1. How many residues, within the range 16-51, are more than 27 Å from residue 72 (Cα to Cα), touching a residue at least 24 places away in the same chain (Cβ under 8 Å) and part of a loop (DSSP other than H, G, I, E, B)?
2. Mind checking which residues of the range 52-67 are modelled with pLDDT under 95 and polar (S, T, N, Q)?
3. Go over the candidates 88, 44, 75 one by one and state the one that is farther than 29 Å from residue 191 by Cβ and in contact with a Pro (Cβ under 9 Å, 6 or more places away or on another chain).
4. Please determine, by comparing only the residues of the range 89-110 that are among the acidic types (Asp, Glu) and surrounded by fewer than 19 Cβ atoms within 10 Å (Cβ to Cβ), which one is farthest from residue 198 (Cα to Cα).
5. Take the conditions on the phi > 0 side of the Ramachandran plot, of a type outside the set (Gly, Ala, Ser) and modelled with pLDDT of 95 or more and apply them to residue 88. Does it pass?
6. So is residue 113 exposed (fewer than 10 other Cβ atoms within 10 Å of the Cβ), modelled with pLDDT under 85 and either over 23 Å from residue 73 (Cα atoms) or touching a strand residue (DSSP E or B) at 6+ places or on another chain (Cβ under 7 Å) (or both) or not?
7. For the structure I just gave you, tell me whether residue 86 is buried (at least 16 other Cβ atoms within 10 Å of the Cβ), more than 24 Å from residue 175 (Cβ to Cβ) and polar (S, T, N, Q).
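The values are calculated or read from the model by the stated rules, or taken from the named source; none is laboratory data. All figures in this text were calculated on a predicted structure; none of them were measured in a lab. We place every Cβ from the backbone using ideal geometry, glycine too, and count neighbours over all the protein chains shown.
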Amino acid sequence: MGRMAATIVSSYADLGELVIADLDLQAAEQLVAELAPTAKTNLRAARIDVTDTVALQALLQDLQVVLNTTGPFYRLGTVVLEAAITARCHYMDICDDWEPTTQLLAFNDKAKAAGVLAIIGLGASPGISNLLARLACDRLDQVDNLYTAWSADAGAGDFNLSDEGAVEVGVSAAIIHWVQQMSGSIEVIEQGRRVSGSPLVPIAIDYPG
């Protein structure tokens, strides 16, 4: 996700500089080298361990906006947002975990007081899928239920559960995230109220024709 975001943002000509920061400096430098020939903005690689609060704040103090694509978000979401607020750096993320979403929303007043704009959940699901759902609902006469779904094995060229080579260092954050979200219960909205529910529910879908 970070690679895709950096690729897109590097095409924006009105940015002064894009800093690609990673725990693995060599990986960040390699991505900078790959993007440099077509980039329309200056690129710089940096090493950062987001659990090192002092180093993270120092990095963010010189930046205007940070896009947090680290994961899993239930472990690292609030860490980066809190550092961004302290550094007075605007914040965006692609958080799709429900627990840190409620924790991130609790930083609203602190972010406002610091003059920091924080936008969470800008990923695919939730994020773009929510917007697509709203567009679909606006074009229909009546909507009783709306479901989003995704393939468990991802797609060609994406992370594939059967591709052992995709997990080169430890366990993928995507898998950790997936197991976490399927475990226990999740908070859902029913009839306007927040209640605890099951993360997985069987649904039968009848496609006409």
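1. 5
2. Hits for the range 52-67: nothing passes.
3. Result: 75 is the single residue among 88, 44, 75 that is farther than 29 Å from residue 191 by Cβ and in contact with a Pro (Cβ under 9 Å, 6 or more places away or on another chain).
4. 109
5. Yes, satisfied.
6. Against the criterion (exposed (fewer than 10 other Cβ atoms within 10 Å of the Cβ), modelled with pLDDT under 85 and either over 23 Å from residue 73 (Cα atoms) or touching a strand residue (DSSP E or B) at 6+ places or on another chain (Cβ under 7 Å) (or both)), residue 113 does not qualify.
7. Taking the combined requirement at face value, the residue satisfies it.
Listed here are the residues, each with its yes/no results for (1) closer than 20 Å to residue 4 by Cβ; (2) at pLDDT below 90.
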site	(1), (2)
121	yes, no
138	no, no
141	no, no
154	yes, yes
158	yes, yes
170	no, yes
178	yes, yes
195	no, no
204	no, yes
